[in-house]
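No value in this document is a laboratory result; all are computed from the given coordinates. Computed from a prediction, not measured in an experiment: that's the story for all the values here. Here the Cβ positions follow ideal geometry from the backbone for every residue, glycine too, while neighbour counts run over all protein chains shown.
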Amino acid sequence: MCGIWGIFGFDTSKVENYTSAFRIAHRGPDNFQIQNISSMKSCSVAFHRLAIMGGATGIQPMTLQAYPHITLLCNGEIYNYTRLQREFDFEHETESDCEIIIHLYNKFGIEKACSLLDGTFAIIIVDTRRRKVMLARDSYGVRPMFYFATTTGQVACCSEAKGLVDIWEKQNGGQQFFKPFLPGHCAVYDVDGNGSVRLEEMKRFHWFVDMPTHWKYHDIRLEIGSEFESIKKNIRTLFTKAVEKRLMSTRPVGSLLSGGLDSSLVAAITARKLSENNSPFPFNTFSIGMNESPDLKAARKVSACIGSIHHEVIVSPEEALQAVNDVIYAIESYDIITVRASVPMYLLANYIKNKTETIVLMSGEGADELAQGYIYFHKQPSPEEGDKESKRILKDLYLYDVLRTDRSTASHGLEVRVPFLDHAFTSYFLSLPPEMRMPKNGLEKHLVRSAFDGAELIPDEILWRRKEGFSDGMASSKKSWYKILQDHIENKAHRGNSIAGIFMTGSFLRGKFFLSILIVVIGLQKNSKQVTDEQLLNAAEIFPHVTPKSKEAYYYRSVFEERFGSELATLIPYQWMPKWIESSDPNDPSARVLSHYKNDEDSKDNTLIRI
């Protein structure tokens, strides 16, 4: 996980333009470089490095002796770099996996170069010989990039929006847009002699439903035919390879483990492959939850099965509530379910950063979108409609779950890898008949579960465990996290009772403890702006874009606009909500408000027909 930043067409003599680059320093604590491209006027780039590959030779901005006119910045990992190096007989000057991008660009141009990369990436390339600036982003937008352009010939880009906000606000008119760079796309900008920038071309080089161009350079052999056993074997083969390639690291690799199907499969395969590869580092898994969290109980079983060193972070409702405002700033979103799910991930990342040596984290994000894992898919009108919805939310992942995963962990200098979004794996999975990918026998993600049935990776009770959302599973089903949040925001009795309970213990008489409680209380008061009925009634006047429909949504939006302004509210196009719902609250995205919600904790009959 690194941070990239570039401004083109701006006055490079203004020091204040550079201070924005430091707003994303958390993404790369190991090294920082800022550079003016001397032979091209008004062109500056900066890089915050989290050192995972390449040692000292992996420092960016990168320029090779063979191609001194090309400067590269890349936040990402290129898993097939050694294969491409051999395929095209490139002479590498560094140990960095990102160097391959310069060679491919020099040989093929930006579009084909990106299509050959098996990995996740956000790229800036400056070519002084051709007077071009190029931007590109991976198929699912796993690695982030925001950018804006003006009518006066300026373009700026950064890994996070906060690294551009100050510059954007100083433009005094002339802005065209400020938005996320589209996944699977590359852009070419022409730079004139005065440093002004003009868009020459924006193209999509990848579409995730298609088999990637780099597939022909893989050595994977798939079973031919449509027999169910062959399909299950191919799923196992492709997904295992997707996990294995993501273990590329010179620093410790761990795994986020909620105890659900997705993270458990990822953790189990990771543990097996690290053992087979004789990794010099111990394998750590990490879970978070409140007391009585069903996720914590399930994660313990998985850890015991795979033999990981397991870390459990127990948080109180007060600790989770205290983090909400900081989380909204970190993730740059006011989407309800994104904020809810980001809080535990943000707190867990903070623990990992401060208490362990683990830097790279494996995670199960993307499985629900790919394999129709959300509970509302049980209500799909037809397999074709389910397929259409699955591809829609996959296309928008970079605005929601992928954003949450990146920002919650990068804010603590960690890197997350997501094998369920491996392009070769997802394109194969999506090529299967829609009726095969839909929920079956009352259980979502049935095809993935069936594919790994008998693989002896995780306990059967976990393999066939019903879906529980990350933000839901962190708390007991008796008092859901979303209810804790809503009670807090509406200033109900919950907050007062919690604080009163602390003081009733008598422990407050112990000096330092009393001071710490005061800090918590003050923090809760600071983070608790009551949203009135009148404010919610008039929400459309204050927030015409994606108007909040609940007090919780109103609160998140207020915090967001205090930090980023109203113009950046368009970064979120809509509130993520389940489809085809029968809900006790149609404005709430939690699975626990759906009429057909069930979980294994509450179910009396867990007997499932697997195949």
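Annotations
- For the chain, calculated [θ]222 nm from helices alone, where every DSSP H run of n ≥ 4 adds -39500 (n - 2.57): -10500 deg cm²/dmol
- Relative intensity of segment 1-50 on a log10 scale, I(q)/I(0) at q = 0.14, 0.32 Å⁻¹, equals -0.33, -1.18, per a Debye sum over C-alpha point scatterers of equal strength in the absence of solvent.
- Compactness relative to 2.2 N^0.38 Å, alpha carbon Rg of segment 218-370: 1.15
- Modelled this way, with points 7 Å down the Cα-to-C-beta line, the labels at residue 314 and residue 221 are 5.2 nm from one another.
- Assigned charges on the beta-carbon of Lys, Arg, Asp, Glu; the chain dipole about Cα centre (debye): 460 debye
- Full extension of the chain between residue 562 and residue 30 yields a length gain of 188.5 nm, computed as 0.36 nm times the residue separation minus the alpha carbon distance.
- Each residue of segment 151-163 was assigned a 3J(HN,Hα) from its phi angle through the Karplus expression (A = 6.51, B = -1.76, C = 1.60, θ = phi - 60°), giving 6, 9, x, 10, 9, 9, 9, 6, 5, 9, 4, 4, x Hz with x at Gly and Pro.
- Protection proxy ranking of 72-81, 370-379 - average other beta-carbon atoms within 10 Å, highest first: 72-81, 370-379
- Note that segment 134-141 has calculated 3J(HN,Hα) couplings of 10, 10, 7, 9, 5, 4, 9, x Hz, one per residue in order, obtained from phi through the Karplus relation 6.51 cos²θ - 1.76 cosθ + 1.60 (θ = phi - 60°); glycine and proline are x.
- Given charges at beta-carbon only (K, R positive; D, E negative), |dipole| of segment 221-273 in Debye: 280 debye
- Note on residue 57 and residue 182: with the Förster distance fixed at 35 Å, the Cβ-Cβ geometry gives a FRET efficiency of about 0.65.
- Extension gain, residue 199-residue 83: 0.36 nm per intervening residue step, less the Cα-Cα distance, totals 38.5 nm.
- Residue among 436, 580, 104 farthest towards the positive dipole end of the chain, charges placed on Cβ: 104
- Peptides 340-349, 16-25 ranked from most to least packed, by the mean per-residue count of other Cβ atoms within 10 Å: 340-349, 16-25.
- Within segment 442-466: backbone nitrogen closer than 18 Å to the residue 236 label point (7 Å, Cα to C-beta): 446-464
- Each label was represented as a point 7 Å from its Cα along the Cα-to-Cβ direction; for residue 455 and residue 95 these points are 3.2 nm apart.
- Solitary cysteines of the chain, where the nearest other Cys Cβ is not under 4.7 Å: 2, 43, 114, 157, 158, 186, 305
- Förster radius 22 Å - calculated FRET efficiency between residue 190 and residue 170, Cβ distance, rounded to 0.05: 0.35
- Summed side-chain charge close to residue 52 - residues other than residue 52 whose Cβ falls under 13 Å, Lys, Arg +1, Asp, Glu -1: +1
- Other residues lying with their Cβ under 9 Å from the Cβ of residue 339 contribute a combined charge of 0, Lys and Arg counting +1, Asp and Glu -1.
- Amide proton proximity set for residue 118, modelled H, under 5 Å, gap of 5+: 79, 80
- Inter-label distance for residue 152 and residue 574, nm, one decimal - labels placed 7 Å from Cα along Cα-to-Cβ: 3.7 nm
- Farthest toward the positive end of the dipole of the chain, out of 536, 60, 75, is the Cα of 60, where the dipole comes from beta carbon charges about the Cα centre.
- Extent of segment 357-447 along its three principal axes (Cα atoms, max minus min coordinate, largest first): 45, 22, 22 Å.
- Within-11-Å neighbourhood charge of residue 163 [Cβ basis; K, R +1; D, E -1]: 0
- Computed packing ranks the peptides 392-400, 380-388, 331-339, 280-288 as 331-339, 280-288, 392-400, 380-388, most packed first, by mean other Cβ atoms within 10 Å.
- Net dipole in debye of segment 174-273 [+1 Lys, Arg Cβ; -1 Asp, Glu Cβ; about Cα centre; nearest 20]: 460 debye
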